[in-house]
Amino acid sequence: MNYTLHQLEIFRKIAELESVTKASEQLFLTQPAVSIQLKNFQAQFKLPLFEVVGRKLYITEFGEEISETAFEILEQVKNIKYKSAIFEGEIAGKLNISIVSTAKYTMPYFLSDFIKANEMVSLTMDVTNKTTVLRSLENNECDFAMVSTIPKKLNISRIELMKNKLYFVANRNFNPSKKKILLKDLNKSLFIFREPGSATRLAMEQYLVKNKIAVQKKMELTSNEAIKQAIIAGLGISIMPIIGIQNELQNGDLQIIEMKNFPLETNWNLIWLKSKNLSLVAKAFKKHLEDHKDQIIEQHFTWFKSIE
């Protein structure tokens, strides 16, 4: 056999996606080039790696075994590259971060310069809900987590990054009779909540309870994007982090409802377990944030800081 690492990479991606077309797109190769490499790779085995039924490609049981072995080989090759880079004085290795969904509007900016400056760092960023983020942290499945509320049950260290401002938001057709209104003026509105466990939902619930507001009609959605689209469509109103609705405010699809005691404020925090033995990559990223977080905020979030 005389297969190449390139062929292993291509077959692994095809097996993962069960599609030559999708594999070519993710590998930034032409479909004919991927098909040729797949054909050449298959020619080195007596047993079929895949079969085509109708127009769909299926990986055989033998093909699955080869795919798993290919993955292990490719991981070892990465490790060789990382070790070589480390001995040459470069920062190399894996960085795993788990973030709550709203943090996707901020975390990429804190990562960008670090990743560009360290080409041998491989990043995995899981964007999910708060409950899953904290579970990943507790189970040592990630190096860092980004959240807006500090978990009380975990012994963590943190870097405070920036404020997270929450506002009451409605669509463009919401037309109150006065500029600053009272919560009682919203009694007939449908309130849209995030799912249980969301920090945004918790802040919304605490505010409504504190101000003795009985919600008569409500809806629950599982992401800020879904809530944003529901508000634009006129389904109801909600409390939302302003960080994810800048464009919609600027083009007039959404508007802020001016109300007493708003905005609500929390802070974005990068957290990690105190017991965690941070890798060299994780330590380097932590130092990058400590040294440059203010500069990053000033460069990318000036509009956010100026909103009152």
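The values are calculated or read from the model by the stated rules, or taken from the named source; none is laboratory data. None of these values were measured; they are calculated from a predicted model. Positions of Cβ are generated from backbone atoms using ideal geometry, with glycine treated the same way; all protein chains shown enter the neighbour counts. Quick note on the areas: whole protein, heavy atoms, side chains included, nothing else; ligands and nucleic acids left out. Shrake-Rupley method; radii C 1.70, N 1.55, O 1.52, S 1.80 Å.
When M162 is tested against the conditions (1) closer than 17 Å to I257 by Cβ; (2) within 18 Å of the chain's Cα centre (by Cα), the lone failure is (1). The set of residues in the stretch 201-217 that are open to solvent by less than 30 Å² (accessible area, probe 1.4 Å) and of a type outside the set (A, V, I, L, M) comprises R201, Y207. Within the stretch 149-161, the set of residues being open to solvent by less than 20 Å² (accessible area, probe 1.4 Å) and over 20 Å from H288 (Cα atoms) comprises just one member, P151.
Search the stretch 178-197 for residues being in a loop (DSSP other than H, G, I, E, B), closer than 25 Å to Q250 by Cβ and modelled with pLDDT under 85, and hand back the single one that is most open to solvent (accessible area, probe 1.4 Å). Ranking the candidates gives K179 first. Looking across the stretch 46-86, just one residue is assigned to a loop (DSSP other than H, G, I, E, B) and either hydroxyl-bearing (S, T, Y) or touching a Cys at 6+ places or on another chain (Cβ under 6 Å) (or both), and that is T60. The single condition among (1) open to solvent by less than 20 Å² (accessible area, probe 1.4 Å); (2) at pLDDT below 85; (3) outside any helix (DSSP H, G or I) that Y167 does not meet is (2).
Mind listing just one residue for me: the one in the stretch 6-51 that is hydrophobic (A, V, I, L, M, F, W, C) and modelled with pLDDT under 90 and, of those, most open to solvent (accessible area, probe 1.4 Å)? The qualifying residue most open to solvent (accessible area, probe 1.4 Å) is F28. For the stretch 92-142, filtering for residues that are surrounded by fewer than 21 Cβ atoms within 10 Å (Cβ to Cβ), hydroxyl-bearing (S, T, Y) and not in a helix (DSSP H, G or I) leaves 3. The set of residues in the stretch 211-242 that are at pLDDT below 85 and assigned to a helix (DSSP H, G or I) contains only N224. Would you be able to say whether some residue in the stretch 275-286 is assigned to a loop (DSSP other than H, G, I, E, B), open to solvent by 90 Å² or more (accessible area, probe 1.4 Å) and under 17 Å from A199 (Cα atoms)? No, because not a single residue in the stretch 275-286 is assigned to a loop (DSSP other than H, G, I, E, B), open to solvent by 90 Å² or more (accessible area, probe 1.4 Å) and under 17 Å from A199 (Cα atoms).
Taking the conditions (1) open to solvent by 80 Å² or more (accessible area, probe 1.4 Å); (2) closer than 25 Å to L154 by Cα; (3) in contact with a helix residue (DSSP H, G or I) (Cβ under 9 Å, 6 or more places away or on another chain) in turn, T266 satisfies each one other than (1).
Rundown of residues vs (1) farther than 20 Å from F114 by Cα; (2) within 18 Å of the chain's Cα centre (by Cα); (3) modelled with pLDDT of 90 or more, yes/no style:
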residue	(1), (2), (3)
N247	yes, no, no
D253	yes, no, yes
I256	yes, no, no
L273	yes, no, yes
E290	no, no, yes
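Hey, any hits in the stretch 58-74 for a residue that's surrounded by fewer than 16 Cβ atoms within 10 Å (Cβ to Cβ) and at pLDDT below 90? Yes - at least one qualifying residue is present in the stretch 58-74.
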